[in-house]
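Each value in this text was obtained by applying a stated rule to the coordinates, not by laboratory testing. Predicted model, so just to flag it, every value in this text is computed and none were measured. Here the Cβ positions follow ideal geometry from the backbone for every residue, glycine too, while neighbour counts run over all protein chains shown.
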Amino acid sequence: MLNISNRPTKREEILKDLSSYQEVTNSQSTRKFVYLLTGIFALLFICLFLPWTQNIRARGTLTTLNPENREQSINSLISGRIEKWYVREGQLLSKGDTILHISEMKTEYLDPNLVGKTQNQANAKRASVNAYSNKGKALDQQIAALERNRKLKLEQARNYIRQSVLKLQSDSIDFSTEQINFEIAEKQFIRQETLYKQGLKSLTELENRRQKLQAAMNKKISAENKWLASQNEYINAQITLNTIENEFRQKIAKAQSDKMSALSGEMDAESQFNKLSIQQESYSKRSSFYFITAPQDGFVTKAISSGIGESVKEGQEIFTFVPSKYNMAVELHIRPLDLPLIREGSRVRLQFDGWPALVFNGWPGMSFGTFGGKIIAYDKVARNGMFRILVVPDEDEVPWPTLLRLGSGVYGIALLNNVPVWYELWRNLNGFPPDFYTNDAKDTYIKKKSNYE
């Protein structure tokens with residue numbers, strides 16, 4: 001009312017006939033409204049002291065606990081051409097069932113008798129190894145025989161040397177004896193000649209004495225010749241010993257050289273045999289790669305290279321495979337800020353996509369349609385700024401649905417400490433994270449602080 005007119009207007013008289021005005025001005029209605037507001041505020045105040053479960057919310061997907069049970073890509077181990085598919089996508093397979101046939105493309109593997117021919121080459125090299133081995137054994141026997149003959153020959157030569165030494169000593173004694181006899185005969189001849197000149201001896205006796213002197217000289221010369229011959233025999237015996245030693249050394253050295261050559265040939269043949277054996281085994285293994293089989297029980301989910309006659313390269317992905325039996329788990333991605341709150345064995349509430357649920361984050365006991373889980377592991381390194389945690393079913397809770405499939409979305413709530421509602425509101429208003437420290441850690445911190453003081 002602007003009161004533009006000079007005529008005064010009484011507002012009470014105008015509004016008294018309106019029911020809404022009468023309802024508002026009614027003191028009893030006002031009292032009820034005040035009671036209602038008071039009750040609501042009292043209820044809200046009481047709710048502030050209700051227990052609230054701190055939590056970390058994260059999104060994730062269904063996966064498997066064991067890496068070998070997850071979806072895997074099946075690659076071709078060799079380059080080839082697709083010849084035939086034996087299964088269709090989504091078909092259940094048992095371990096070892098044939099999935100795909102691939103034919104060879106490389107020219108060096110096109111020979112159908114490649115494995116047999118390589119085996120024949122390996123067998124020939126094995127025979128060569130045996131031949132070299134037998135040759136080495138024969139040379140060992142030859143060296144042993146030469147050593148025995150050498151020993152006997154050297155002993156014989158040493159005996160001959162000893163005989164030569166004894167003969168040399170004997171001839172030396174004979175020569176010394178004959179030389180003494182010659183000197184005696186010579187002195188007797190001189191005395192006989194002196195007596196002959198004095199006329200005391202006859203010419204006949206002088207000539208007899210001259211004959212004896214000549215005979216003694218002959219014997220002396222003969223003994224000297226024998227003594228010199230014995231010396232030559234002794235020298236020859238020593239030369240013979242050295243000759244025998246050198247001869248057998250040369251023979252043994254040659255036999256050992258031949259043995260080393262045989263061993264070298266054996267090792268070379270053994271190396272070539274091993275190389276051919278490896279090639280033969282590789283060719284046999286390669287032939288087994290022509291047929292790709294199921295690594296375990298499961299399903300072929302998607303064929304990447306599917307056309308008949310289509311070429312595939314070595315290591316190229318051909319199709320994806322999912323095992324039929326696996327231990328289900330959930331991987332959730334959390335912020336680095338929340339990682340210190342995560343502990344192995346902590347409980348988690350999970351809501352699966354496609355399964356209706358009524359979720360109360362702070363009151364997990366009142367939630368409906370959620371399933372329990374426990375944290376079993378978490379990554380030590382962040383990926384794309386997030387940490388991954390693995391959650392497995394909680395044995396004390398209701399089992400997870402059997403119709404869940406890998407890759408489905410999951411909403412997870414990691415349960416932390418129980419605090420009053422007012423504390424949680426105060427924490428969120430101030431932007432504080434949930435409690436980082438356990439009671440044990442707080443007690444340890446307080447104890448250390450008191451020690452420092």
Magnitude of the Cβ-charge dipole of the range 114-288, K/R +1 and D/E -1, about the Cα centre, nearest 20 debye?
560 debye
Loop-located chymotrypsin sites (Phe, Trp or Tyr not before Pro) in the range 251-310, at most 15 other Cβ atoms within 10 Å (DSSP)
Phe289, Tyr290
If you add up the charges near Ile173, with Lys and Arg at +1 and Asp and Glu at -1, over every other residue whose beta carbon is less than 12 angstrom from its beta carbon, what do you get?
-1
The range 290-351: GluC sites (Glu not before Pro) in DSSP coil with no more than 16 other Cβ atoms inside 10 Å:
Glu310, Glu314, Glu344
Using Cα positions and a limit of under 19 Å, work out the lysines in reach of Lys226, with same-chain residues fewer than 8 apart set aside.
Lys167
First measure r as the distance between the Cβ atoms of Arg158 and Leu228, then evaluate 1/(1 + (r/R0)^6) with R0 = 30 Å and state the FRET efficiency to the nearest 0.05.
0.85
³J(HN,Hα), Karplus 6.51/-1.76/1.60, whole Hz, each residue of the range 84-89, x for Gly, Pro
6, 9, 9, 9, 10, 5
Give a residue-ordered list of calculated ³J(HN,Hα) values for the range 266-273 (Karplus: 6.51 cos²θ - 1.76 cosθ + 1.60, θ = phi - 60°; whole Hz; x for Gly, Pro).
5, 5, 5, 5, 5, 5, 5, 5
Point-to-point label distance, Glu183-Lys275, nm (Cα→Cβ direction, 7 Å offset):
8.4 nm
Compute the FRET efficiency between Ser306 and Ser408 as 1/(1 + (r/R0)^6), taking r as their Cβ-Cβ distance and R0 = 41 Å, and round to the nearest 0.05.
0.95
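Quick one: net charge around Gly90, please, counting Lys, Arg +1 and Asp, Glu -1 for every other residue with C-beta under 13 Å from its C-beta.
On the way: positive: Arg88, Lys302, Arg405; negative: Glu89.
Combined, the nearby Lys, Arg, Asp and Glu give +2.
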Sorted by chain and number, the residues with a modelled amide H under 5 Å from that of Thr63, at a separation of 5 or more or across chains, are Ala329, Val330, Glu331, Gly407
FRET efficiency (Ser282, Asp353; Cβ distance; R0 41 Å; to 0.05) is 0.25
The local net charge around Ala58, scoring Lys/Arg +1 and Asp/Glu -1 for residues other than Ala58 whose Cβ lies under 12 Å from its Cβ, equals +3
The answer for trypsin sites (Lys or Arg not before Pro) in the range 278-335 that fall in a DSSP coil and have at most 16 neighbouring Cβ atoms within 10 Å is Lys313, Lys325
Based on the alpha-carbon gyration tensor of the range 114-288 and its eigenvalue square roots a ≥ b ≥ c, which shape applies: rounded if a/c is under 1.5, prolate if not and a/b is larger than b/c, or oblate?
prolate
Mean separation of Cα contacts under 8 Å (at least 6 apart) over the residue count of the range 114-288, i.e. the relative contact order in percent, is 51 percent
